Amino acid sequence: MAGLLGLLGITGVLFASIIGRIVDTYSPRLTIGLGILFSAVAFVIFALLGQFFIALIVGIVLLDLGTQFGQVSNQAIVQSINPAASNRNNSIFMFSYFLGGAFATFMSTLAWTHFGWMGVCSVALFFVIVATISHLVLKEPQKIAHAED
């Protein structure tokens, strides 16, 4: 059953190019906001209705979309900073991305050990709140600067 739920992760793969076009057409600020919103709704669903199979499916799809919106948007921002240093910027971005993921996994493991499922959802919602505050304070660019611009 877990493997079947894991297959829902294909949602992000299927929508990556669409999300990329949305980032280019509108703004990474909008798409990062959407990613935060989708992730927040997913964890609220997990916390309140996680015992229902259909809620897990909806939550997984929303979380995968939220993550993909954030990933594609942030990658576009990083790539636009300095096209000549694209590889170096991407390396720093991916290192930071995985470091953050490892830290969140560690915190979620602690939360699971002491508080179970609600602890994990609480840790996730804490990180969503941090992301929301960062989004409001840091103000991602409205448009991506492309090499041809």
* Assess whether Ala42 counts as being touching a residue at least 24 places away in the same chain (Cβ under 8 Å) and small (Gly, Ala, Ser). => yes
* Counting just the residues of the range 1-57 that are of a type in the set (D, E, K, R) and farther than 13 Å from Gly70 by Cα, which one comes out modelled with the lowest pLDDT? -> Asp24
* To do: State the number of residues belonging to the range 121-146 that are in contact (Cβ under 8 Å) with a residue 24 or more places away in the chain, of a type in the set (A, V, I, L, M) and part of a helix (DSSP H, G or I).
  => 4
* Asked: On the given criteria, is Pro28 farther than 30 Å from Gly116 by Cβ, touching a residue at least 40 places away in the same chain (Cβ under 8 Å) and surrounded by fewer than 17 Cβ atoms within 10 Å (Cβ to Cβ)?
  -> no
* To do: Kindly list the number of the only condition in (1) within 19 Å of the chain's Cα centre (by Cα); (2) among the hydrophobic types (A, V, I, L, M, F, W, C); (3) within 26 Å of Leu8 (Cβ to Cβ) that fails for Phe115.
  => (1)
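The values are calculated or read from the model by the stated rules, or taken from the named source; none is laboratory data. Note that the structure is a prediction, hence the values are computed from the model and not measured. Don't worry about glycine lacking a Cβ; one is built from the backbone with ideal geometry, like all the others, and counts go over all protein chains shown.
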